[in-house]
Every structure is written in structure tokens, then in C-alpha cells.
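> Following this message is one structure expressed as C-alpha cells.
Bear in mind these aren't lab numbers, they're just calculated from the coordinates by the rules spelled out. The model shown is predicted, which means the values in this text are computed figures rather than measured ones. In this analysis, Cβ positions are derived from the backbone assuming ideal geometry, glycine residues included, and neighbour counts consider all displayed protein chains.
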Amino acid sequence: MAHIRPDDRVNGVGSRDTLREPSSDAMSQSDVWLRGIYEISKALTAPARLDITLANVANTLPSFVQMHHGAIFVLDSEGEPEIAASAGSARSGTHPIIPKAAINQIVATGTRLVIADLSTSELFQADLQTHPGVNSLPMAFIGVPVKAEDRILGTLSIVRDGANGSRYDEDICFLTMVANLVGRTIRLHRGLTRDRERRVDERWTAENSSDEDRTDPVPHAPVKIGIIGESPALKQVLETVSIVARTNSTVLLRGESGTGKEFFAQAIHRLSRRRRKSFVKLNCAALSESVLESELFGHEKGAFTGAISQRAGRFELANGGTLLLDEIGEISPAFQAKLLRVLQEGELERVGGTKTLQVDVRLICATNRDLESAVVNGDFRADLYYRINVVPIILPPLRERPGDIPRLANAFLERFNKENHLELAFAPSALEFISQCYFPGNVRELENCVQRTATLARSRTIAPSDFACNNNQCLSWLLWKRADHSLSGNTGNQRFRSNIMPAGLPMPAGRFGAPQDNVRPHTADPANDPALPAIGPRLTERDRLIDAMEKVGWVQAKAARVLGVTPRQVGYALRRHGIEVKKF
């Protein structure tokens, strides 16, 4: 009689030979589970993103459990299931897609779901109709919840062969263990993400607090911000800019086109406490209303045709920094109401979204339109006007700072030389000549003039003869020509010199926004227009002024129309030259 050891007894059976094979099967199954848990644990603890980690787990499952297809679903912040990883055959018709209804049932009940035959389940009927090849194969579904501390974070499920009388206890046990490990990993990843975001927020708050408490002296504006000029008009604006930059007040930059509104907006940002954050700009006139809304507020995925992903708007990108809205006067009245809410509340929703976002933005607006007239005419909302017109800054046109023209011209030429590896220079007579030009396009036109002249210069020293207005090629005067003035009478070199500023005579006012300054610029050809006095290079400003007054019977308003200036400027010139107005 064979000796029976204690460890050979199972269920009261004492035969050693009869116990050996069941014990071997049990140990074999245990080894498979242990190896599976070990491999899955290695995948879960590897340093990788959560989606990559779950994909590795899903790819490991087929080695330790019989399955055709498996998937891990994780609940997003809204509680909706999103697929995180899947494994198995992906060929169309070989397996049904796990329906959302099955996932919802597992999440709602918090228990496992076992379907022995998918063909008899209402949950899979719709999918089976799209996969007719599945109907001929008996298939089963096993799904278990992914939990962490009694909180359901998702589901783990497989589709495997099904047959009558099949038992799934072992698969359910193994999948439950894996799901518990996955749940703890998801919780750990989310905790680390929250901690990382909290540390970023604390660092951002600390940096901003240190910025606000820091009393850095405001640097000298022309040197620090790169705005060139020493004229009194420019110095006055720069002084205002340095004061305004210390606050978060909304600024409205007003001035003619080409006066450098974007440069002054950047100067305000660089001199402010927000200089370490983003400076974001947007030209409102270049976009339609629908595109403008998406650009400013952002949009959600699928909000409209072509919205293939979520996109942050300019307000979000400028959060903590400065946002420049150029050409603010060109937006439609309908969009003005949408913009007003953001400026008042500091809240917005992306296009196609419902989540309210908080933004902290320093707003700078710019325009060359007469907003006051637009408000009166109903083209611009009065409440939005008062919201953006907190601190208006009027930028002087170039004609009000003629002493800065040589400095700007030399700076533009230096930049041109650096970009093209040249060594050009202005002759003193060339700088004197260019200082007499009117430049209705202001600094932008001056820059283009310098580049054009430098490109076509015949020698390394630029002379007055190199300028386009001395070669019948300067046509900027056409932009300022009166509508009723015919080109047929303008011939000869004199018409191309109409961009030359009459020495000392104030030109059309550059203080944009004042109603009395809305006048026609001086554009007519003095050599061919009988309505204008003879203006020759030998006549002084006083002589031209007296000549114009005498032709119109000493009426200042008529003289202003003749000279192309405002009555106020004519009155100022009369007082400056001590000319007594004759009365009839």
C-alpha cells in the first residue's frame, strides 16, 4: 500500500496517482495567472503616458486569456466613456464593436456583465447587423468595471468564443484582478496630473505676484522699446505710454494709418507687469464675422465644417498677457455685442462649446476710424465705445514730427543694409530733401520710400536725384487727389512733387477723432489748378497765406479750402505771422 503524503490529499481522495494530474492542472492555471499579472504589472508601472500604458495592457491580455477582441474604456471628465485602448483582430466583420449601451450598463450597475451568446442580446443587435459574419460564430461577451476605492473609472471587456455550457468564472476572476490594477493606475496618473497642474498654477501665481511686487524702474522708452524719435509730439506720447503701462486699463490707440499703432501697443506691453506673458494681436478688419469669432474665442471639435480639433482662441492665448485688437472699428454690430460680454465679465465660451472660460487679458484696441461719428450713425455700439475708450492715446502723424524723418530714414536704411549686406548712406542734401515730404502714409510710407530708393540707388551715397519724386515715379499723391480733379491737366514733373510739404505750413491735422479735423488733405496740383495761388519755391509761407486770403476776400474758411488745411490751422498761422485779417 502506497504511503500518502498530506499534500497529496484533495477532496478526501487518497490515491497519489489520481491526485497528480488535477494538481498539475491547478498549478498550471495558477502559473498562467501569475505570469499574466506580472507582465501586466510591468506594463502599468512603466514610465509612459496613460494612453500608452493602457495600450500595452490591452496588447498583453491575449497572451493570458482566450479572446478575439478586447477593449479598455475610461470615463472622461463628463462621465462619458471614451476608448483608451483595444486589442485583438481589427478586420471588418471578425468581431462586433462593443456598444456604448453595454459599457453604460456596467458603469451604472458597478458589476460584471456576461453575455453567453451575443446573437441573443439586444445590446449587440445593431452591431451584429453591420457584421453579418459574426452571426455564424457563437461568441460571448465578458465585461467588468474598472474601479479605484469604490469609484468606477471605466470598463475592461473581451469578446471570446461562446458555447453552450461554457463556464467563464476563471476569465471573470482574472479580468477583475487586471481591472483593479488598471483602476489604481488610472487614479495614480490623474493624481499626478492634478499635482503637476497645481504646481504650475502656484508657480504662475508666484511669478505674477513677484512681478506685481517688483518695482523695476521703467526703462527709457525710445531705447527700450525701439521707437525712434525726439520730437516733442512723440515724447509726449511716450510719456503717456510709460504711465499707462503701469496699470491694467484698456487703451485705445488712435491715429492715421501707418503711424505705428502696433509698435506702441507692444511698447505698452513691454513696459507693463505683464511683459513676461504673451502679446497676442489680431487684425479685426481682415476676417469675416464667423471667422473672427472662432479666432477670438476658439472653437470645439466639430463646431463647424473643418473644425477637426479643439482650438484655443486669442483671448485664451493672451491669458495673463496683452491682446491687441487692431482695426476695432471695422467689426460688425452683431459681433460687437459678443465682444462686449467678454470685456465686461472676463468670460467666454468657445464656438460650439458650453463650458465657460475665465480670462485675464489686458486689452489694447487700435483704429483709424472716427468712432464718435460711427456711434452717432449707429454703426458702433455706444456701450462698447465707452468700454474700450478708457485711456485714449492719439498718435501724431509724421508731418507733425518732421524732425524725426532723418532719424527714421537712417534707421530704415541701416536695416536695409544689414538685410542686403550693403553699405549705403544718405547725403545730407538727401535727408534735407526727404524731410520736406508730406508722407500721407506716415512711417509706413517713409519706410517703403527708403527701401525703394536704396534698391534703385546708383551709388553708395543716396542723393536727392535718387528719390522717385524727382524721377516722375512717386504716385502716392493720387491717393489724396480730389475726386473732381482731372488727371488730364496734370503733366510734367510738378505733379510728382505734390507730395512735397510746403515749408512751414501746417498740413491736415493728424489729431484723429476730433470732428473739426475731418478735412480734405492737400492734394491738388498747384501748378495747374486755377483755384490755388501760385506756389513757387521762392514764396514763403507768409506770402502763400496772404495770397490765398486775398483771393477769397479774407474769409478764413475759404482760404483753408484753397490751401487744403483746416480753418483753425489758418487762424493759427495768421496769428503766428502777425497777419491782420482785413474786414470788409
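> How high is the relative contact order of the range 287-386, given as a whole-number percent (alpha carbon pairs under 8 Å, six or more residues apart)? Walk me through the numbers on the way to the answer.
Details: 141 pairs, mean separation 31.0, N = 100.
31 percent.
> While we're on this one: Between K355 and D76, what is 0.36 nm times their sequence separation minus the Cα-Cα distance? Round to one decimal in nm. Let's see the in-between values first.
Values: separation 279, 0.36 × 279 = 100.44 nm, distance 1.48 nm.
Extra length available between K355 and D76 comes to 99.0 nm.
> Continuing with the same structure: Over 23 Å between Cα atoms, which of K558/K583; K147/K301; K261/K281 qualify?
Result: K147/K301 exceed 23 Å.
> Give me D for the range 221-394 in µm² s⁻¹, whole number, from Stokes-Einstein with Rh from the Kirkwood sum over alpha-carbon pairs, 4 °C and 1.567 mPa s. Kindly include the intermediate steps, with their values, before the conclusion.
Numbers: Rh = 16.8 Å.
Answer, rounded: 77 µm²/s.
> Here's a follow-up. Under 5 Å between amide H atoms, partner at least 5 residues away or on a different chain: which partners does L253 have, H built in plane at 1.01 Å?
Close amide H contacts, sequence-distant or interchain: C365, A366, T367, I393.
> Under 25 °C and 0.890 mPa s, how fast does the range 356-443 diffuse according to Stokes-Einstein, given a Kirkwood radius computed over C-alpha pairs? Answer in µm²/s, whole number. Mind showing how you got there, number by number?
Working: Rh = 17.0 Å.
It diffuses with D of about 144 µm²/s by this estimate.
> Quick one: which residues, 5 or more positions from V351 or on another chain, have an amide H under 5 Å from its amide H? H modelled 1.01 Å from N in the peptide plane, none for Pro or chain starts.
Amide H to amide H, under 5 Å and 5 or more residues apart or across chains, V351 pairs with G298, H299, E300.
> What ³J(HN,Hα) values, in whole Hz, does the Karplus curve 6.51 cos²θ - 1.76 cosθ + 1.60 give for the range 66-77 when θ = phi - 60°, with x put for Gly and Pro?
Running phi through 6.51 cos²θ - 1.76 cosθ + 1.60 with θ = phi - 60° gives 6, 7, 9, 7, x, 8, 10, 10, 10, 6, 7, 5 Hz.
> Can you pull the three principal axis extents for the Cα set of the range 398-474, in Å, largest first?
33, 25, 20
> In the range 229-265, which GluC sites (Glu not before Pro) are in a loop and have at most 12 other Cβ atoms within 10 Å, using DSSP for the loop call? If you can, show how the numbers build up before the last one.
Numbers: sites: E230, E239, E256, E262; in loops: E230, E256.
Answer in residue order: E230.
> Translational diffusion coefficient of the range 267-365 at 10 °C, 1.306 mPa s, Stokes-Einstein with Kirkwood Rh over Cα pairs, in µm²/s as a whole number. Could the numbers behind the result be given before it?
Values: Rh = 13.8 Å.
It diffuses with D of about 115 µm²/s by this estimate.
> Measuring from label point to label point, each 7 Å out along Cα→Cβ, what is the N410 to V376 span in nm?
4.5 nm
> With the contact rule set at Cα under 8 Å and sequence spacing of 6 or more, what percent relative contact order holds for the range 221-394?
Values: 297 pairs, mean separation 51.2, N = 174.
Value for the range 221-394: 29 percent.
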